[in-house]
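The values are calculated or read from the model by the stated rules, or taken from the named source; none is laboratory data. Please read these numbers as outputs of a predicted model, since none were measured by experiment. Counting neighbours? That spans all protein chains shown, and the Cβs are built from the backbone with ideal geometry, glycine included. Heavy atoms of the whole protein, side chains included, go into the accessibility calculation; ligands, DNA and RNA do not. Shrake-Rupley method; radii C 1.70, N 1.55, O 1.52, S 1.80 Å.
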Amino acid sequence: MRSLFGELRSKIAGKQVKIVFPEGNDERVVRAAARLKFEGLVEPIILGKPEDVTGLLTQLGFANPHVTIVDPATYADFDKMKELFLELRKGKATPEQADNILRDVNYFGVMLVQMGLADGMVSGAIHSTADTVRPALQIIKTKPGISRTSGVFLMNRESTKERYIMADCAINIDPNAQELAEIAVNTAETAAIFDIDPKVAMLSFSTYGSGKGPQVEKVAEAAKIAKELRPDLALDGELQFDAAFDADTAKIKAPESPVAGQANVFIFPDLQSGNIGYKIAQRLGMFEAIGPILQGLNKPVNDLSRGSSADDIYKLGIITAAQALEN
């Protein structure tokens, strides 16, 4: 089996997917964007003052990378962008407010995506998650049938060629049954980007009613709704993790389940359990945790950790380009 990023690079190479990197004053971001361009994987659009970005590129050894640099302060089509922004916000911002808002690099970058001048955006190296996600929700918005975005982690272990998806581990604190069902369906679609044939387990501390309580009822109801939304999916719940993952346990706890014992997409009932779960897999299971990968938006926008390395940014750029092609 080829490596995960070997497969993704093959998918996006030469497709000229345009990805915006708003943080052109950060060395890690510029290094990652230039590498993506140099390898022919992405057409990066770096936001910032041209002389500053060019200086960083030269300093990093990319003397003539031919990357697109856009300065929001001097953007020639700013008035056109502002007009569209005011139309999208429908009275929620005055023209004066729009002037200030669109000088924010994340809003500016999201508008480039909305206008079709870019295919996706990667930000967050020096901005908070809220700074990255808020413009995307206000402008790009979620796909039809999806009420909110969610964050997944791809758990990858090259030594054993194992890949799993875990959600929601980043955004929604306590989703209700409908929202949890939407997250499950959306996560199954995300799995396909990574060549994972999704088998979705709706996780709980109960398997088929072995435990009682409103938390169990929520997951069971979410599984029911998800099956109605996508009857073609291999999806089941509520399931305890051992029943979802281990074939021998599945034979005892859920012998009739189409998913138990072979699940590769795990939907946690709330953010607390999801965040704890993926970090246990990362630290004790020695998995590489790639994400959070945002899903549910009409066009891909992804959020970095502020502790990200240039290699992390490079990888998320590849994933964002793959999401754009999938869309």
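Annotations for the structure displayed:
- One residue alone among K212, K251 is surrounded by fewer than 23 Cβ atoms within 10 Å (Cβ to Cβ), of a type in the set (D, E, K, R), assigned to a loop (DSSP other than H, G, I, E, B) and without any contact (Cβ under 8 Å) to a residue 24 or more places away in the chain, and that residue is K212.
- Lone unmet requirement of (1) open to solvent by 70 Å² or more (accessible area, probe 1.4 Å); (2) aliphatic (A, V, I, L, M); (3) touching a His at 6+ places or on another chain (Cβ under 9 Å) for A63: (3)
- Test for A130: is it part of a helix (DSSP H, G or I), among the hydrophobic types (A, V, I, L, M, F, W, C), open to solvent by less than 60 Å² (accessible area, probe 1.4 Å) and without any contact (Cβ under 8 Å) to a residue 12 or more places away in the chain: yes
- Lone qualifier among V110, V122 - being more than 21 Å from G307 (Cβ to Cβ) and open to solvent by less than 10 Å² (accessible area, probe 1.4 Å): V110
Let's see how each residue does on (1) closer than 29 Å to M115 by Cα; (2) in contact (Cβ under 8 Å) with a residue 12 or more places away in the chain; (3) β-branched (V, I, T):
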| position | (1), (2), (3) |
| --- | --- |
| V152 | yes, yes, yes |
| R157 | no, yes, no |
| A167 | no, yes, no |
| N176 | no, yes, no |
| E182 | yes, yes, no |
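- Taking the range 122-133 as the range and being at pLDDT below 95 and either out of contact with any helix residue (DSSP H, G or I) (no Cβ under 8 Å at 6 or more places or on another chain) or aliphatic (A, V, I, L, M) (or both) as the test, the residues that pass are A125, I126, S128, T129, A130, V133.
- Scoring V105 on the criteria (1) open to solvent by 10 Å² or more (accessible area, probe 1.4 Å); (2) under 22 Å from N25 (Cβ atoms); (3) touching a Phe, Trp or Tyr at 6+ places or on another chain (Cβ under 8 Å); (4) aliphatic (A, V, I, L, M) leaves a single failure, condition (3).
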